[in-house]
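To start, the structure under review is shown below, and the notes come after it.
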């Protein structure tokens, strides 16, 4: 029994990490005035004891690295958005559109261990409307009767 | 040892959880300003008799509710709508997911074996982006 618990726990810890998957951007978007750069999916997983005591969870600061944090629950929308922001900064995107998040869980060892997973997908875009040109400086006109 | 493990597992069964999780980001600007996920899960007996689930009254001090089925898309969407109405915004990019699973399933390495559906796990998930009223999206 002990060996089974250890084996299951070890295999479950392997899955506690964050991943970031990049896909080619879609050709059409619901949002107008933007240029799609890429579609991405970020995911995070954790391992809980008795459904509420965190054992390990993925490190949102290092996706695709197999990194995780002990005794911390990092599954949150804020951390998912943080990973989106990091990828947006990397590819030069200014916005994320069609952002969706789903959270699921699965039991291991009859609920002694519970693994939760959170997946967020989004399309990173850049505004296609160029920034308005700066207004030309108006020349000062001296008029009679007015102070300089 | 087995009895203790079974008792502990049974204890974790007597809870559900209703959560509203959100985050703001400059990435969602200029129209949207918050990404929200509303989730609830619970347990049913034989798929029809509700045992326990998360309490949809998020202001309540009780996190779970018994013998009542609040794991429905209507209730989750209702909570999201109230959350949005209180802040004077609108819902955009809404995605919903509802799922049921057999409770007793054993995973032996790569093989996943589901046992008869005596107790069933049910969950509902609503994801949305909130925009200010009058936004372009």
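By count of other Cβ within 10 Å, fewest leading, how are A:118, B:97 ordered? Kindly include the intermediate steps, with their values, before the conclusion.
Numbers: A:118 26, B:97 15.
Going from least to most buried by this count: B:97, A:118.
When a/c reaches 1.5 or more, the comparison of a/b and b/c decides; with that in mind, is the stretch A:2-127 rounded, prolate or oblate per its Cα gyration tensor? Don't skip to the answer; put the middle values down first.
Numbers: a/c = 2.98, a/b = 2.59, b/c = 1.15.
It is prolate, given that a/c is not under 1.5 and a/b is the larger ratio.
Between residue A:62 and residue A:89, what is the label-to-label distance in nm when each label sits 7 Å out along the Cα-to-Cβ direction?
Rounded to a tenth, the inter-label distance reads 1.7 nm.
Averaged over its residues, how many other protein chain Cβ atoms are within 10 Å of peptide B:89-96's Cβ atoms? Mind showing how you got there, number by number?
On the way: counts 0, 0, 0, 5, 7, 1, 6, 2.
If you average over the peptide's residues, the count of other-chain Cβ atoms is 3.
Quick one: B:53, B:17, B:92, A:16, fewest Cβ neighbours within 10 Å first, how do they rank? Present the calculation step by step, with values, prior to reporting the outcome.
Values: B:53 28, B:17 17, B:92 20, A:16 25.
Fewest to most other Cβ atoms nearby, the residues stand as B:17, B:92, A:16, B:53.
Let me know the mean shielding of A:92-100 by other chains, meaning the per-residue number of their Cβ atoms within 10 Å of its Cβ. It would help to have the intermediate numbers written out before the result.
Working: counts 0, 1, 4, 8, 8, 8, 5, 12, 11.
What the average comes to for A:92-100 is 6.
Put a dot 7 Å past each Cα toward the Cβ at residue B:96 and residue B:20; how far apart are the dots in nm?
Placing both labels 7 Å beyond Cα along the Cβ direction yields 1.7 nm.
Every number here is computed from the coordinates shown, using simple stated rules; none is lab data. Remember, predicted model here, so these are calculated numbers, not experimental data. No Cβ is skipped: glycine too gets one built from the backbone with ideal geometry, and neighbour counts run over all protein chains shown.
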